[in-house]
Each structure stands twice: as C-alpha cells, then as structure tokens.
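Just so you know, all these numbers are worked out from the coordinates, no wet-lab data involved. All of these numbers come straight from a predicted model, not from anything done at the bench. Don't worry about glycine lacking a Cβ; one is built from the backbone with ideal geometry, like all the others, and counts go over all protein chains shown.
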Amino acid sequence: MSKRPVGIEERLDKYLVNQDGHWFLNYGNKMHMSFYKKGEKQHINVRRYLYEKHIGKKLGKKVVHCACKFPNCINPSHLFMKEYSSAKLNKDQVKEIRAKWKVELKAREKREKERVTLQTIGDKYGVSRQMIDYIVREVCWK
C-alpha cells in the first residue's frame, strides 16, 4: 500500500505552530518543505510561499525578510520584501568581506555591540545575506 502524496497546504496545516502570533514550522528544516504537485516532488521556501500567497503575486527576484525578532517566524504579517540589485562583487570586495567577517568572528563582543551580521554586511554591498554567507564559507568565490 503506497502513501498518498501530500500537498503543501496539507503539510502546512499539519506542521504550522502559532506561538503568541509568531508562526513556526514544527518540522525538520524550519524554512523549506517538500511536497507533491502533479505527482512530482517539489521543494519550496515556506516563508516565500506564504508571503506570495498573502500579497497575491509572485515576488520575482525580491527576497522575503522577517521584521520580528524571531528569525524562523513565517507569519506573513511579520514579513516584508526587499529587492537586491544584481550588482556583481569584484574580487577585492570579496576579500574585504571575508576579512571583515573573520575579524568580527574574533571580536564577538564588538560584533554584538555594533550589531554586525551577515545581513548588515550584505546590505552594505547590495547583496543578500545568503550571498555573504556563501562568500565567508567559501561556497562561492573560492
């Protein structure tokens, strides 16, 4: 007996938890979910999916951020979109980003005081937090 494919709405109903107005997924990966659509397995970013459903249109290249203090909150009323330019970084900027983050890692107290995060560095260079994460972990720009 095979399992019946489960759609995204059914999965969200099963795993969505509301805690004092903040929505969280009671599920392995807190931002991504797999589901079946037309018999094929699909993967989505849940925050983006819920925000697009909330505003009623596709975001294109825009990125969804959370305005509340809980980074895993997916309540659409706590989310906002931000468009990043498609600016390309040059090698010197990448070296500068890595150097800055390594210094900040050593000076954790200073970093926390000045609130230096991957997001603030990304905002400075006009790229996403995830791109900065990839750069400092040397996933790209090796």
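Using r as the Cβ-Cβ distance of Lys102 and Lys53, and R0 as 41 Å, what FRET efficiency do you calculate, to the nearest 0.05? Intermediate values should be presented prior to the final figure.
Working: r = 40 Å, r/R0 = 0.97.
Calculated transfer efficiency: 0.55.
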Task: Globularity ratio of segment 8-82, using Cα Rg and 2.2 N^0.38 Å - done: 1.07
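Can you sort Val17, Val64 by how many other beta carbons sit within 10 Å, fewest first?
Details: Val17 10, Val64 19.
So the residues, fewest neighbours to most, are Val17, Val64.
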Task: Placed amide H near Val63: partners under 5 Å, 5+ positions off or other chain - done: Lys82, Glu83, Tyr84
Task: For His32, residues with placed amide H under 5 Å, excluding near neighbours - done: Val46
TODO: Return the sequence-ordered ³J(HN,Hα) values of segment 67-72 in whole Hz as given by the Karplus equation 6.51 cos²θ - 1.76 cosθ + 1.60 applied to θ = phi - 60°, using x for Gly and Pro.
DONE: 8, 8, 7, 9, x, 9
- [ ] Quickly work out the Tyr36-to-Lys124 label distance, labels modelled 7 Å from Cα along the C-beta direction, and quote it in nm with one decimal.
- [x] 4.9 nm
